[in-house]
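Below is one structure, written out as structure tokens; comments come after it.
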Amino acid sequence: MVKSATGSFIPTIGLQVSIASPLQVNPAVVPAGPIWSVGDFSLTLSSLVESTDITHTLILKGVGLLHDAGGTYDDTEGTWTATFNSSSTTFSWNSGSGATSSVPDGGSTLLLLGSAFGALATLARLRPATK
């Protein structure tokens, strides 16, 4: 169940989350459908990696497409990380997802680059010729 959320995910608070089952690890295999879904949102992975550097801990990371079946939001590339821990008789896990979309710069990088080349050309014309 979603306990807290921000932004566009606020309407999912209180809703039950569906997680892909079974989830094959060692080696990690990308599930055929979404790794999770809640309300109109789902994340379908295109890659999944397993990291086991710590005793009694399994970390899974993936990249995929965040989809809104309601059509309000565009599909967005997203990431997913899940950490599973066990100690004696206790098992716990945590999962998080986020968008990986980049923010376009509106052409300012190209404008800056063009200005730099223009300044270099001007300096080259003003520099005295060497003989």
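Is there a residue being assigned to a loop (DSSP other than H, G, I, E, B), within 30 Å of residue 87 (Cβ to Cβ), of a type in the set (S, T, N, Q) and free of Cβ contacts under 8 Å to residues at least 12 places away in the same chain anywhere in the stretch 9-16? No: zero hits.
For the stretch 65-87, how many residues are surrounded by 12 or more Cβ atoms within 10 Å (Cβ to Cβ) and either of a type in the set (Ser, Thr, Tyr) or at positive phi (or both)? So the count comes out to 6. Residues in the stretch 22-60 that are of a type in the set (D, E, K, R) and out of contact with any strand residue (DSSP E or B) (no Cβ under 7 Å at 6 or more places or on another chain): 53 alone. The residues of the stretch 31-43 that are part of a strand (DSSP E or B) and touching a residue at least 40 places away in the same chain (Cβ under 8 Å), listed by number, are 36, 43. Residues in the stretch 44-62 that are of a type outside the set (Ser, Thr, Tyr) and in a loop (DSSP other than H, G, I, E, B) were compared, and the one that is modelled with the lowest pLDDT is 53. The one condition from (1) in contact (Cβ under 8 Å) with a residue 12 or more places away in the chain; (2) over 14 Å from the mean Cα position of the chain (by Cα); (3) more than 25 Å from residue 87 (Cα to Cα) that residue 28 does not meet is (3). Scanning the stretch 61-89 for residues that are within 22 Å of residue 29 (Cβ to Cβ) and of a type in the set (Ser, Thr, Tyr) gives 79, 81, 83, 86.
The values are calculated or read from the model by the stated rules, or taken from the named source; none is laboratory data. The structure displayed is predicted, hence computed values, not measured ones. Glycine gets a Cβ as well: all are built from the backbone with ideal geometry, and neighbour counts include every protein chain shown.
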